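Data first, discussion second: the structure below is written as structure tokens.
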Amino acid sequence: MPSSIFIIIFIVFYSMYGHVEGLAKRMKKGVDGVDGVEGLLYRVDDDIPEISAADLVEADGFLFGFPTRYGCMAAQMKAFFDSTGMLWKEGKLVGKPAGFFVSTGTQGGGQETTAWTAITQLAHHGMLFVPIGYTFGAGMFKMDSIRGGSPYGAGVFAGDGTREPSETELALAEHQGKYMAAVVKKLCEA
């Protein structure tokens, strides 16, 4: 029997070379795979569809994706979060769950620190950070190839911009989408 609840998760991302966008699209596949939940893709500071801070109140949950700049989110995404001041003042995002996914140029480029430093955005809004932990199972422990991602969220190593996401990185993104959809659905049904 189909679910009577219709839950929306915004997948909001900024992508410079397309790596974060690739993860976002696979994440949407995971979100859409959960009955009664739909993922909507939005770009920050880019082409259509573009999202504004005011649009965020319409979502039940979020997955935010961005490239890393020196261990922190890219300035374009930070500017987007900076534009949410009125939502913060009015408490419009309090209690909404959110997760992160990232791209870095190198293995030491800060995939975990980018998530850590981004958590402050959620904390100030009173949002709930939803990491994936090690729920991806064996995929989190593979050492036979280069793989981005961490317990904080999916990730990709972009190198100089020419390296494409591996199937493992894309599968982790899809898993995170499905995992997040299940968490948000539980919260909405409670």
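Quick look at the numbers
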read-out	value
Other-chain or far-sequence residues with amide H under 5 Å of GLY155's (modelled H)	VAL102, GLY149, SER150
Global geometry of the range 64-148, whether rounded, prolate or oblate, following the gyration tensor of its Cα atoms and the 1.5 cut on a/c	oblate
Centre separation in Å (Cα based) which lies between the range 61-91 and the range 102-147	15
Residue-span extension gain [THR135 to ASP32] - 0.36 nm each, minus C-alpha spacing	35.2 nm
The chain - share of DSSP beta bridges that are antiparallel (%, nearest 5)	10
Calculated from backbone phi, Karplus (6.51, -1.76, 1.60) coupling profile of the range 66-73 in Hz, x at Gly/Pro	6, x, 9, 10, 6, x, 10, 5
Rounded accessible area of LEU87 (nearest 10 Å², 1.4 Å probe)	20
Computed over the chain: relative contact order in percent, which uses C-alpha pairs under 8 Å that are six or more apart	27
Long-range amide H partners of LYS96 with built H, under 5 Å	LEU128
Mean separation of Cα contacts under 8 Å (6+ apart) over length of the range 85-190, as relative contact order %	30
Solvent-accessible area per residue, Å², over the range 146-190 with all protein chains present [probe radius 1.4 Å]	43
For the range 1-114: rounded, prolate or oblate by the Cα gyration tensor [a/c cutoff 1.5]	oblate
Rounded if a/c under 1.5, otherwise prolate or oblate - the chain, Cα gyration tensor axes	oblate
Whole-Hz ³J(HN,Hα) from phi, Karplus 6.51 cos²θ - 1.76 cosθ + 1.60, for the range 24-40, glycine and proline x	4, 5, 6, 4, 4, 4, x, 4, 5, x, 9, 4, x, 10, 10, x, 10
Entries in LYS29/LYS185; LYS28/LYS92; LYS25/LYS89; LYS29/LYS142; LYS28/LYS185; LYS25/LYS92 that, when Cα-Cα distance is taken, lie over 20 Å	LYS28/LYS92; LYS25/LYS89; LYS29/LYS142; LYS25/LYS92
Surface accessible to a 1.4 Å probe, THR106 within the full protein complex, Å²	80
In Hz, Karplus ³J(HN,Hα) per residue of the range 103-117 (6.51, -1.76, 1.60; θ = phi - 60°; x = Gly, Pro)	9, 10, x, 9, 5, x, x, x, 4, 6, 5, 5, 5, 4, 6
Long-range HN-HN contacts of ASP45 with modeled amide H, under 5 Å	ILE51
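The values are calculated or read from the model by the stated rules, or taken from the named source; none is laboratory data. Computed from a predicted structure; not experimentally measured. Only protein heavy atoms, including side chains, enter the accessible area calculation; ligands, DNA and RNA are left aside. Shrake-Rupley method; radii C 1.70, N 1.55, O 1.52, S 1.80 Å.
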